[in-house]
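Structure first, then comments.
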Amino acid sequence: MNQAVSGFSKLSKEEKIAWIATTYFSTPENAIEVLKNYWNSDEKIQKLHDEFIENTISNFYIPLGVAPNFLINGKFKTIPMAIEESSVVAAASKAAKFWSTRGGFTTRVINTEKIGQVHFIFNGATEKLNAFFSKIKNDLFTETESITKNMQARGGGILDIILKDKTDVIPNYYQLHVSFETKDSMGANFINSCLEQFAKTLKEKASGYELFSETEKDIQIVMSILSNYVPNCLVRAEVSCPIADLKEKHITNPQEFAEKFVQAVRIAEVEPFRAVTHNKGIMNGVDAVVLATGNDFRAVEAGVHAYASRNGQYASLSHAKIENGVFSFWMEIPLALGTVGGLTSLHPLVKLALEMLEKPSAQELMQIVAVAGLAQNFAALRSLTTTGIQDGHMKMHLNNILNQFDATEDERIAVRNHFKNQTVSHSAVVDLMNQLRN
Ligand code: MEV
């Protein structure tokens, strides 16, 4: 098939599936069966999913797991995680249990400011634009009142609007750089609506401003959009305990463990190749909770990685130290999250996840997500600096290999028993399965 299709979105769901199946599959019936196997038997739920996006043909499942025993600021939480990677929930649960008997996680929201920008071109003298901006700044607020009214009633709204001269990077380029407080909503629609109104007001007022020349009056709006870089929407999560208390099965020498752990973090602080993988481990925890709670994980990913590069070189998001015999491990990350609006009231599993978390405010959710990230990072570094990562990873991955073989219950028991005290590798499992089957 190397032809475009027209009017695809107007076809019914059945017609879309039929087209896909006959165009791309040698056995269309099988393709249709696979797609339909993942339809929800509850028509209402299926309709909901159909309408989330355009051209829905089926649902794409990933597991929803839970990691219990997270002691956060003195309260126990069970954290929902939506993720496909086999070892992540197990690692989170292990880290949670470990820290639950060592004081737990302490967290703090540092700030909750969101950002949006109107990017525009002004052909004229910067001083005149500055004077014009001072004159109309108040109008920017008043002309968005119908949009901000409800948000203001909830304690949020527009915090400030500043004019930024960016002509040093692009000729005639300026911005309205706006900060917002959006309380429990992620605020994307609110911010973008405000920005589009600012753009309108800016253009209109400029066209009637007597002190501008004809060219100056003609402000060109390039775009109005929120920024997913939110360095002032920041949360901190931390664990710490006396070094001696770190002792457990895999940590026989706590002093040595703590030193090696700090060294591993130090490497991620200065070495970008390691930092990316180190932070990927943090995002294993962060994304899983962000997704389970119906938040935009792409936005979070983009913002967090930009933050990891804020000093000019990509670096570790977490830090560790030993001071006066106490081991501390912490991180600060930007998280723009919501617990109202968006998917939070639409997706039944998201609603359930938020209820499991005892209906957190956005600030509480920021703290929970940061904890999941830090726990994940702790679990990864603990494995990496002690047993190595493959031991745990492959034990969890064993199920996937057995599923590839469509192993029977007896085969599964035999294989699991065999690998109880042996290193799991893909080829070792394949060999054993072949042996069992012969
Ligand atoms: C795997 O998904 C994540 C790790 O690679 C993280 C790390 O290396 O720190 C284990």
Report summary line: Checked segment 79-114 for anything among the polar types (S, T, N, Q) and out of contact with any Gly (no Cβ under 7 Å at 6 or more places or on another chain); matches are 86, 93, 100, 101, 106, 107, 111, 112
Query raised in the report: Quick one: would you say residue 105 is of a type in the set (Phe, Trp, Tyr) and either surrounded by fewer than 21 Cβ atoms within 10 Å (Cβ to Cβ) or in the same structural domain as residue 205 (by TED's automatic domain parsing) (or both)?
Result: no
Requested in this report: Identify, from the list 182, 201, 144, the residue that is of a type in the set (S, T, N, Q), surrounded by fewer than 20 Cβ atoms within 10 Å (Cβ to Cβ) and touching a Ser or Thr at 6+ places or on another chain (Cβ under 9 Å).
Outcome: 201
Report task. Go through segment 79-193 and tell me which helices (runs of 4 or more DSSP H), entirely inside it, have 1 or more residues that are basic (Lys, Arg) and farther than 30 Å from residue 243 by Cα. Result -> 126-142, 145-153
Report summary line: Checking 63, 68 in turn, the sole residue that is at pLDDT 95 or above, within 16 Å of the ligand (Cβ to nearest atom) and either touching a strand residue (DSSP E or B) at 6+ places or on another chain (Cβ under 8 Å) or not assigned by TED's automatic domain parsing to the domain that holds residue 304 (or both) turns out to be 63
Report task. Could you name every one of the helices (runs of 4 or more DSSP H) located completely within segment 373-438 that has at least 1 residues being under 31 Å from the mean Cα position of the chain (by Cα) and among the basic types (Lys, Arg)? Result -> 389-404
Query raised in the report: Name the pairs: first residue in segment 53-80 and among the small types (Gly, Ala, Ser), second residue open to solvent by 60 Å² or more (accessible area, probe 1.4 Å) and at pLDDT 95 or above, Cβ to Cβ under 7 Å, at least 6 apart or on different chains?
Result: 58/38; 58/39
Requested in this report: Among the candidates 374, 384, 402, single out the residue that is away from the ligand (no atom under 16 Å from the Cβ) and either touching a helix residue (DSSP H, G or I) at 6+ places or on another chain (Cβ under 7 Å) or assigned by TED's automatic domain parsing to the domain that holds residue 72 (or both).
Outcome: 402
Report task. Tally the residues that are within 13 Å of residue 353 (Cβ to Cβ) and either open to solvent by less than 20 Å² (accessible area, probe 1.4 Å) or of a type outside the set (A, V, I, L, M) (or both), restricting the search to segment 64-81. Result -> 7
Query raised in the report: When residues of segment 264-276 are filtered for being farther than 15 Å from residue 378 by Cβ, open to solvent by 10 Å² or more (accessible area, probe 1.4 Å) and either in a helix (DSSP H, G or I) or more than 13 Å from the ligand (Cβ to nearest atom) (or both), how many remain?
Result: 8
Query raised in the report: Is there a residue being open to solvent by less than 70 Å² (accessible area, probe 1.4 Å), without any contact (Cβ under 8 Å) to a residue 24 or more places away in the chain and under 28 Å from the mean Cα position of the chain (by Cα) anywhere in segment 157-170?
Result: yes
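The values are calculated or read from the model by the stated rules, or taken from the named source; none is laboratory data. If you're wondering where the values come from, they're calculated on a predicted model, not measured in any experiment. We place every Cβ from the backbone using ideal geometry, glycine too, and count neighbours over all the protein chains shown. Only protein heavy atoms, including side chains, enter the accessible area calculation; ligands, DNA and RNA are left aside. Shrake-Rupley method; radii C 1.70, N 1.55, O 1.52, S 1.80 Å.
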